[in-house]
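Participant: There's a structure below that I have some questions on.
The values are calculated or read from the model by the stated rules, or taken from the named source; none is laboratory data. What you see is a predicted model; the values in this text were computed from it and never measured. Glycine also receives a Cβ, built like all others from the backbone with ideal geometry; neighbour counts cover every protein chain displayed. To get the accessible areas, we keep the full protein, side chains included, count just its heavy atoms, and leave off ligands, DNA and RNA. Shrake-Rupley method; radii C 1.70, N 1.55, O 1.52, S 1.80 Å.
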Amino acid sequence: PAVRRAVDSFGYDEPGQRERVRVRDDGGFSFRGDPAAIELVLFNLLKNALYYLPLYPAMTVTLTVSAQPSPRIVVRDTGPGIPQEELGRVFDRFYRVPGTEAPGSGLGLSIAQAAAQRCGMRLSLRNRDDCSGLVARLECC
């Protein structure tokens, strides 16, 4: 419910953005955290992905919720990804990837990581192997 609620209540900047976001729920996911904190994490991940929609008009964002083999939410996008050498720093407060065209303060991912940790979850990022884009995993620790 928290994932669908986050996707449905997110403040999309453009009418067509919602059409680019898909939710796949494999069922059975549960956690003992604050649903508002999970929504905050998902809002930040959605916002970061959708920043690049004007540059990647065919971009999609897919949120997959599953319980097996362990409870997790995976957010995949087909945007630009993050340079491999920068992945280790993106959770630092006020850090912005050099050359980033999207607006922001560099706080979103550090806030998302802190919210995930408060719920006993871990947030990790990696670039996609199959195409351009990013994979964010929110997993129980």
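Participant: In nm, give the distance between the simple-model label positions of E85 and A67, each being 7 Å from the Cα along the Cα-to-Cβ direction.
Facilitator: Computed distance between label sites E85 and A67 equals 4.5 nm.
Participant: Of the residues V74, V97, V65, which exhibits the maximal mean-square fluctuation in a Gaussian network model of the chain defined by a 10 Å Cα contact cut-off?
Facilitator: Among V74, V97, V65, the largest mean-square fluctuation in the Gaussian network model of the chain belongs to V97.
Participant: Per residue, how many Å² of accessible area does the chain show with a 1.4 Å probe?
Facilitator: I get 54 Å² per residue for the chain.
Participant: In addition: Once fully extended, how much extra length lies between D129 and R5, figured as 0.36 nm per residue of separation less the alpha-carbon to alpha-carbon distance?
Facilitator: Additional length available on full extension: 41.7 nm.
Participant: Another question, then. Sort T64, T100 by accessible area with a 1.4 Å probe, largest first.
Facilitator: Highest to lowest solvent-accessible surface, that is T100, T64.
Participant: Using a 1.4 Å probe on the protein chains only, how many percent of the accessible area of the chain belongs to carbon and sulfur?
Facilitator: 51 percent
Participant: Just need the relative contact order of the chain here, percent rounded to a whole number, with Cα pairs under 8 Å and 6+ apart.
Facilitator: The normalised contact order for the chain reaches 26 percent.
Participant: Using a simple charge model, +1 on the beta-carbon of Lys and Arg, -1 on the beta-carbon of Asp and Glu, nothing else, what dipole does the chain show about its Cα centre, in debye to the nearest 20?
Facilitator: 320 debye
Participant: What FRET efficiency would be calculated for the residue pair A114, A58, taking the C-beta separation as r and a Förster radius of 41 Å, to the nearest 0.05?
Facilitator: It comes out at approximately 0.80.
Participant: Would you list R24, R128 from the most to the least accessible area, probe 1.4 Å?
Facilitator: The residues order as R24, R128, largest area first.
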